[in-house]
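To keep things clear, I will list the structure first and then write my remarks on it.
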Amino acid sequence: MEWPQSFYDLKRGEGCPMCDQGRPDETPHGARFFAGEVSDAYLQKEDVQRGYTVVIWRGRHVAEPTELSADEAKQYWLELLEAGRLLERHFEPVKMNYDILGNSLPHLHTHVVPRYAEDPKPGWPFPFPDGATPIDEELFRRDVEALRG
């Protein structure tokens, strides 16, 4: 199977939705709780895992962390870790997973997934279901406010 041309277009930054959205406080997928110099962290609205977050690189379009300069990489990783610390303090997980994927949307972003003692299976792979249901809105809003505070 070949990757579609649209993937290569996105990889070059053509029509990249993460670039086009700017730095909103909220997207259809999540609410921002951390705004750094080069990244934004969004608590996700899907009921995949409580605390599931996506940290998005907000500099020039890049698809891979290897495209960052040393200073850009340093700042991105420092901000990613700060977002992780906020999640750890609020949700108190057993483990944090940091996944850089980009197979569907090739713009640098990291999936941050808290793992809990009561998770059904502590090993990999962690399920990212298609068509996940939205998380309870009231719980979601309380978590966003706590993370922002």
For this session: Considering only residues that are farther than 22 Å from Ile135 by Cα and among the aliphatic types (A, V, I, L, M), look in region 19-44 and name the one that is surrounded by the most Cβ atoms within 10 Å (Cβ to Cβ).
Result: Val38
Problem set entry | For Tyr76: the one exception among (1) in contact with a Phe, Trp or Tyr (Cβ under 7 Å, 6 or more places away or on another chain); (2) in a helix (DSSP H, G or I); (3) touching a residue at least 40 places away in the same chain (Cβ under 8 Å); (4) surrounded by 16 or more Cβ atoms within 10 Å (Cβ to Cβ) | (3)
Problem set entry | Any hit, region 45-62, residues being of a type in the set (Asp, Glu), at pLDDT below 95 and either crowded, with 20+ Cβ neighbours inside 10 Å or more than 11 Å from the chain's Cα centre (by Cα) (or both) | yes
For this session: From the list Arg58, Arg142, pick out the single residue that is basic (Lys, Arg) and without any contact (Cβ under 8 Å) to a residue 24 or more places away in the chain.
Result: Arg142
For this session: Could you tell me which residue of region 80-123 is farthest from Gly15 (Cα to Cα), considering only residues that are among the small types (Gly, Ala, Ser) and without any contact (Cβ under 8 Å) to a residue 12 or more places away in the chain?
Result: Gly123
Exercise. Has region 1-15 got any residue that is in a helix (DSSP H, G or I), free of Cβ contacts under 8 Å to residues at least 24 places away in the same chain and among the polar types (S, T, N, Q)?
Worked result: yes
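The values are calculated or read from the model by the stated rules, or taken from the named source; none is laboratory data. Not measured: the values here are computed from a predicted model. Note: ideal-geometry Cβ built from the backbone for every residue, glycine included; neighbour counts use all protein chains shown.
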